[in-house]
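Trainee: Following this message is one structure expressed as structure tokens.
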């Protein structure tokens, strides 16, 4: 077996570093929103909305489309345009309202705002 190509190894290392930066950026933004709880479990974070005794998970949107915001929707931190957080069903704009959401986190990237 041949040696791995240095550029592909470097690319993989940089990709992993950037994923961690992105996770930290979103985690820190969401951590500062009242009624949101951000819990870290290993490399993953879970976000819940706490209103009184009820704890629910928000629905996620990326550039206006429903999303899980996992690594399949990876984008660079400098592409982040903005984050909207709606912590109650009544505050969610109709374009992000579905039958089962009690809150929404909407992430906009610069490419999605074009």
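The values are calculated or read from the model by the stated rules, or taken from the named source; none is laboratory data. Just so it is clear, the structure is predicted and the values come from calculations on it, not from any experiment. In this analysis, Cβ positions are derived from the backbone assuming ideal geometry, glycine residues included, and neighbour counts consider all displayed protein chains.
Trainee: Is it true that residue 114 is at pLDDT below 80 and closer than 24 Å to residue 17 by Cβ?
Mentor: Spelling it out, it is not the case that residue 114 is at pLDDT below 80 and closer than 24 Å to residue 17 by Cβ.
Trainee: Identify, by number, the condition in (1) in contact with a helix residue (DSSP H, G or I) (Cβ under 9 Å, 6 or more places away or on another chain); (2) at pLDDT 75 or above that residue 77 doesn't meet.
Mentor: Answer for residue 77: the failing condition is (2).
Trainee: Mind listing whichever residues of segment 8-20 are more than 13 Å from the chain's Cα centre (by Cα) and at pLDDT below 70?
Mentor: Listed by number, the list holds a single entry, 18.
Trainee: Follow-up question, since we're still on this one. What pairs come up if the first residue lies in segment 15-30 and is on the phi < 0 side of the Ramachandran plot, the second is at pLDDT 75 or above and surrounded by 11 or more Cβ atoms within 10 Å (Cβ to Cβ), and their beta carbons are under 6 Å apart, counting only those six or more places apart or on different chains?
Mentor: 27/38; 29/83; 30/36; 30/38; 30/47
Trainee: Where residues in segment 90-106 are within 13 Å of residue 57 (Cβ to Cβ) and modelled with pLDDT of 85 or more, which of them is nearest to the chain's Cα centre (by Cα)?
Mentor: The selected residue is 105.
Trainee: Looking at segment 21-72, which of the residues that are within 11 Å of the chain's Cα centre (by Cα) and over 23 Å from residue 110 (Cα atoms) is modelled with the highest pLDDT?
Mentor: Here the residue is 47.
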